[in-house]
C-alpha cells in the first residue's frame with residue numbers, strides 16, 4: 001500500500017466570510033484600477049534603475065503578502081498544508097506529480113506558442129519590461145518565478161477556488177471565480193492575455209482537483225516562469 005500523508009487531525013477551522021470577500025474586493029479594486037490606467041495610455045517611463053528594486057522586490061512583497069494572508073491571517077494555525085493538498089505521499093506519487101507538473105509546464109508553453117502562431121501575438125511590452133537582462137537580475141528572477149508560482153497556485157487554485165465554492169455551495173463557482181480573478185490580475189497585458197490566463201487557470205484548477213494536490217500546478221507554473229526569464 002502507498003504511504004499516505006499524515007495530516008494533523010486538527011485541520012484549520014473555516015475562515016469567516018469576510019476573509020475571502022475582503023481579498024476578492026481588494027483584487028477587484030486593484031484590477032479595475034489597473035485596467036483604467038491602461039486605458040488612459042502608456043504609463044510614464046520611470047527613471048532608469050534596476051528592475052530588482054522597481055519590479056522584483058514589489059512582486060516578491062505582493063506574492064508573499066497574499067500567501068501569508070490566505071495561510072495565516074485570521075487563523076489560529078497555518079493552513080498551507082491543508083491548501084496544498086494531501087493525497088498519496090509515496091515516492092511513486094512524488095515522481096508522478098513531478099512528471100505531471102512538467103507536462104503542465106509544457107502544455108502552457110505550447111499554448112503560448114500556439115496563440116502566437118494563430119494570432120501573431122508577440123510578447124507585449126509590459127511582459128518584456130519585466131524580464132531580466134543582467135546576471136544579477138536573472139538570479140533574483142529565479143526567486144520571483146518560484147515565489148509567484150507558489151503564491152498564485154495556493155491563493156487562486158487552493159484558497160479562492162475552495163472558499164468561493166464553500167460560500168456559494170457550488171464547486172463550479174469556485175472553479176470559474178478563481179479563473180476570472182486570475183485573468184483580471186493580468187489585465188494590464190490586454191484582453192487577449194486575460195482570455196489565455198482564464199483558460200490556463202481553469203486547466204490548472206482541474207489538474208489540482210484531479211490530483212487533490214497543488215504540487216503539479218506549482219511545478220508547471222514555476223517551470224514556465226523560470227523559462228520566460230532565463231531562456232530568451
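The table that follows gives values for the structure above.
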item: log10 of Debye I(q)/I(0), alpha-carbon scatterers only, for segment 90-170 at 0.13, 0.20, 0.23, 0.26 Å⁻¹; result: -0.71, -1.17, -1.16, -1.16
item: Packing-based order for 142-155, 72-85, using average beta carbon neighbours within 10 Å, highest first; result: 142-155, 72-85
item: Gain on full stretching of the segment that runs from residue 199 to residue 212 - 0.36 nm per residue minus C-alpha separation; result: 2.7 nm
item: Spacing of the two label points (7 Å from each Cα toward its C-beta) at residue 57 and residue 167, in nm; result: 3.3 nm
item: Pair residue 11, residue 26: separation of 7 Å Cα→Cβ label points (nm); result: 2.5 nm
item: R0 of 35 Å, Cβ-Cβ distance residue 133-residue 64: FRET efficiency to nearest 0.05; result: 0.90
item: Segments 211-223, 177-189 sorted - mean Cβ within 10 Å per residue, highest first; result: 211-223, 177-189
item: Mean separation of Cα contacts under 8 Å (6+ apart) over length of segment 104-232, as relative contact order %; result: 35 percent
item: Three-way shape label, segment 104-232, alpha-carbon gyration tensor, a/c 1.5; result: prolate
item: Identified option (computed semi-axes √(5λ) of the Cα gyration tensor in Å; candidates (1) 29, 22, 18; (2) 44, 18, 13; (3) 40, 21, 13); result: (1)
item: Difference of contour (0.36 nm per residue) and Cα-Cα distance, residue 81 to residue 231; result: 50.8 nm
item: Extension gain (nm, one decimal) between residue 192 and residue 109, 0.36 nm per residue minus Cα-Cα; result: 28.3 nm
item: Residues of segment 206-229 with amide N under 16 Å of the 7 Å Cα→Cβ point at residue 116; result: 224-229
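All of the numbers you see were taken from the coordinates with simple rules; none came from a lab. Small disclaimer: the values here were computed from a predicted structure and weren't measured. No Cβ is skipped: glycine too gets one built from the backbone with ideal geometry, and neighbour counts run over all protein chains shown.
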